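Take a look at the structure set out below.
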Amino acid sequence: MRGLLIEGSMKFFVDTAVISEIEELAATGMVDGVTTNPSLIHKSGRDFKEVIAEICKLIPGPVSAEVAATEFEQMVAEGRELAKIAENVTIKLPLTWDGLRACRTLTDEGRMTNVTLCFSANQALLAAKAGATFISPFIGRLDDMGINGMELIHEIRTIYDNYDFHTEILAASIRTVNHLKDSALAGADVATIPPSTLKSLAGHPLTDKGLAAFLADWEKTGQKII
Ligand code: E4P
């Protein structure tokens, strides 16, 4: 029965605030959570709190909702407000000193937190020390600057394992199927994936070709399973 075990498996989050995209992918049984950010909320054209509430009903796993404040006290106040929406709201905070302080406060209150906009291993170390539930290193945005984003995932994995930090590495800013594969190879706990990238994962021309040949031969047997 080993194949039924899902303990320790890599989690897939969907990186979108569009309900129809989340519904479609949730049906595959592959979606463990959702991440949003202010840009994705803007793109969805929806009211922030309303759309987060809808997503939280659709997906029982962590749903990241980002604060808009940049100053500690206001960040904590916004985080508490967002946490009222649903149990599975994960408060997303930018990786600044105020964000890290807010992370410690909200984590100590028992909230899930996701420290975002991480671009260095030292930043990730700070987030772990602040008790973050998730750290979000942005792979694609580093690649855009000619810096190997995947190297950051390897570095964070090593540092967290050295000290047994429990903060989960959430590979973010994923733009390609190779970003996902390399994140899995590097030991990321979670990847947040744009819907189009997630949908393209199962496709392979040799799968299509092989299936067509099997179906043609099956037809020739004249048999039916049901
Ligand atoms: C998710 O938490 C991030 O906000 C998102 O993955 C950023 O992706 P982008 O760099 O493609 O905007």
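Using the structure shown, decide if residue 130 is of a type in the set (A, V, I, L, M, F, W, C) and either within 13 Å of the ligand (Cβ to nearest atom) or free of Cβ contacts under 8 Å to residues at least 40 places away in the same chain (or both). If you could, list the steps in order and put the result at the bottom.
On the way: of a type in the set (A, V, I, L, M, F, W, C): yes; either within 13 Å of the ligand (Cβ to nearest atom) or free of Cβ contacts under 8 Å to residues at least 40 places away in the same chain (or both): yes.
Taking the combined requirement at face value, the residue satisfies it.
Taking residue 61 and the conditions (1) over 24 Å from residue 169 (Cβ atoms); (2) part of a loop (DSSP other than H, G, I, E, B); (3) open to solvent by less than 80 Å² (accessible area, probe 1.4 Å), which numbered condition does it fall short on, given that it satisfies the others? Against the list (1) over 24 Å from residue 169 (Cβ atoms); (2) part of a loop (DSSP other than H, G, I, E, B); (3) open to solvent by less than 80 Å² (accessible area, probe 1.4 Å), residue 61 comes up short only on (1).
With the condition being exposed (fewer than 10 other Cβ atoms within 10 Å of the Cβ) and touching a Ser or Thr at 6+ places or on another chain (Cβ under 6 Å), I'd like the helices (runs of 4 or more DSSP H) fully within region 116-226 carrying at least 1 qualifying residues.
Working: elements: 121-129, 139-144, 149-163, 177-186, 195-200, 205-221.
Qualifying helices (runs of 4 or more DSSP H): none found.
To keep it simple, each residue is scored yes or no on (1) over 17 Å from the mean Cα position of the chain (by Cα); (2) assigned to a helix (DSSP H, G or I); (3) surrounded by fewer than 19 Cβ atoms within 10 Å (Cβ to Cβ); (4) touching a residue at least 60 places away in the same chain (Cβ under 8 Å).
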site	(1), (2), (3), (4)
39	no, yes, yes, no
43	yes, yes, yes, no
49	yes, yes, yes, no
52	no, yes, no, no
57	yes, yes, yes, no
70	yes, no, yes, no
102	yes, yes, no, no
113	no, no, no, no
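Residues in region 73-80: is at least one away from the ligand (no atom under 15 Å from the Cβ), open to solvent by 30 Å² or more (accessible area, probe 1.4 Å) and among the small types (Gly, Ala, Ser)? Working first, answer last.
Here is the first cut: in region 73-80, the ones away from the ligand (no atom under 15 Å from the Cβ) are 73-80.
Now drop any that are not open to solvent by 30 Å² or more (accessible area, probe 1.4 Å), which leaves 73-74, 77-78, 80.
Keeping just the survivors that are among the small types (Gly, Ala, Ser) gives 77.
Yes, that holds for at least one residue.
What residue, among those in region 9-29 that are aliphatic (A, V, I, L, M) and assigned to a loop (DSSP other than H, G, I, E, B), is nearest to the ligand (Cβ to nearest atom)? Filtering first and then ranking leaves 17. Of the residues making up region 30-51, those that are of a type in the set (A, V, I, L, M, F, W, C) and either on the phi > 0 side of the Ramachandran plot or more than 14 Å from the ligand (Cβ to nearest atom) (or both) number 4.
Applying the selection to region 133-166, what residues are more than 16 Å from the ligand (Cβ to nearest atom) and on the phi > 0 side of the Ramachandran plot? Please lay out each step first, then the result.
First pass over region 133-166, keeping only residues more than 16 Å from the ligand (Cβ to nearest atom): 151, 154-155, 157-166.
Listed by number, the list holds a single entry, 164.
The values are calculated or read from the model by the stated rules, or taken from the named source; none is laboratory data. Everything quoted here is computed from the prediction, not taken from an experiment. Note that we place each Cβ from the backbone using ideal geometry, even for glycine, and neighbour counts take in every protein chain shown. When the accessible area is computed, the model is the full protein with side chains, heavy atoms only, and any ligands, DNA or RNA have been set aside. Shrake-Rupley method; radii C 1.70, N 1.55, O 1.52, S 1.80 Å.
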